[in-house]
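Please treat every number below as a calculation from the coordinates, not as lab data. Just so it is clear, the model here is predicted, and its values are computed rather than measured. Every residue, glycine among them, receives a Cβ derived from its backbone with ideal geometry; neighbour counts consider all protein chains shown.
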Amino acid sequence: MSLLALGLNHHTAPVDIRERVAIGDEQLPNALLALQNLPAVNEATIVSTCNRTEIYCGMQGNDPSPVLHWLHHYLDLQQPHFSDYLFRHTDRDVVHHLMRVCSGLDSLVVGEPQILGQMKQAYSNASAAGTVGSELTPLFQSAFSAAKLVRTDTEIGSSPVSVAFAAVSLAKQIFTDLAKHGALLIGAGDTMRLAAQHLVAQGVTDTYIANRTLERASILAEEVGGESLALSDIGDALAKVDIVITATGSSLPILGKGAIEKALKARRYRPMLIVDIAVPRDVEPEVGDLDSIFLYSVDDLQGVIETNLQSRQAAAEQAEEIIRNEVEQFQRKARARTATDSIRLYRDNVKTLQADLLAKAQSQLAAGQDPNEVLQHFAHSLTNKMMHEPTAQMRIAAENSDQELLRAAKKLLNIRHRSS
């Protein structure tokens, strides 16, 4: 078994690259099956969020090129260009990386809790597609356990630092008293729920929630005392609000330059802040060229986030130590699983040999042969057959001067010199 992690994230690629390789929810089942159908791939999981698209595989061998070629072909990428942004990890490094991701240590906002839910959903998607088993299941379960330890044993999640919090903090820097300004949230997922809660905490009362599914928008709007809208009805809301935060799973922009120009005219060009957390982006980049518009992408929030991370630094160092210990524990368990499989196979082989020889002995007894001769023949045959392969391999090792294998054989078979 060999583990492989391959992909890109906010550390390796800017948002305009990440949005090109995002894999939507509707694509995931087919993508997982196509990936697992590669001859070199035993199991596969795909993680696709606003900050990362990462592939985890149980492989036959250590060559990542089949998965790399599949990724470029499936997403129709130009290989020389995108290869510069990809990271690759194997075996132990995969374990370390996945545990850091699940614990929030690899996130844009260190310690943010949403990533663990996203990773669990990615694993659930792969499980539903039948693309995980004895290789990736222990890996992900160990990573989830490590993340729980980090949350329980450190203060990494004690202060409200998240992309949603950073977006609202940015709004407060621009407008100061948010209670005087209305907000439009496009999307109804966990990030939008957090953003809505932070806005309400800042005194915002005029809040509109727009979503492709009106029912989900209504649920969130009821939670925060806002008003729900269908995506097709956001034009009027754009003219009323000063703050727009958007994070949908759309593959195409939801807000174009024309719609924003129309809203600006209706609001007599009062300033508007638009924070686009989505990847792919929900807002056409050209919107940022308009006067009176402050447009920020998820990457632009980094500066805001950095100022809020000081309290988490010591906790992050503690978390890294926990991760190192958990990696070691996983490696030990993985080695034990390998030994267990070998032991099981060896026992099965011996049991099959025993059953064959026993059946032959029983047949000889039924035919009236001398029981003592039958027992002696059974013992002789069983001993010879069990000794044949080890002694043959030891003879070959001696001929090849393979002293390491000979020493291992003596230890494994408990071979000792008789004292005279």
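Regarding residue 334, is this residue touching a residue at least 60 places away in the same chain (Cβ under 8 Å), assigned to a helix (DSSP H, G or I) and of a type in the set (Gly, Ala, Ser)? For residue 334, the condition - touching a residue at least 60 places away in the same chain (Cβ under 8 Å), assigned to a helix (DSSP H, G or I) and of a type in the set (Gly, Ala, Ser) - is met. Residues in region 358-395 that are in contact with a His (Cβ under 9 Å, 6 or more places away or on another chain) and hydrophobic (A, V, I, L, M, F, W, C): 361 alone. Please enumerate the residues belonging to region 388-419 that are within 21 Å of residue 343 (Cβ to Cβ), aliphatic (A, V, I, L, M) and in contact (Cβ under 8 Å) with a residue 12 or more places away in the chain. Hits for region 388-419 are 394, 405, 409, 413. Taking the conditions exactly as written (buried (at least 17 other Cβ atoms within 10 Å of the Cβ), over 22 Å from the mean Cα position of the chain (by Cα), part of a helix (DSSP H, G or I) and of a type outside the set (Phe, Trp, Tyr)), does residue 166 satisfy them or not? In short, yes. Scanning region 257-297 for residues that are among the acidic types (Asp, Glu) and either under 21 Å from residue 51 (Cβ atoms) or in contact with an Asp or Glu (Cβ under 6 Å, 6 or more places away or on another chain) (or both) returns 276, 282, 284. Please work out if residue 108 is farther than 28 Å from residue 228 by Cβ, aliphatic (A, V, I, L, M), touching a His at 6+ places or on another chain (Cβ under 7 Å) and touching a residue at least 24 places away in the same chain (Cβ under 8 Å). Judged against the criteria, residue 108 is a match.
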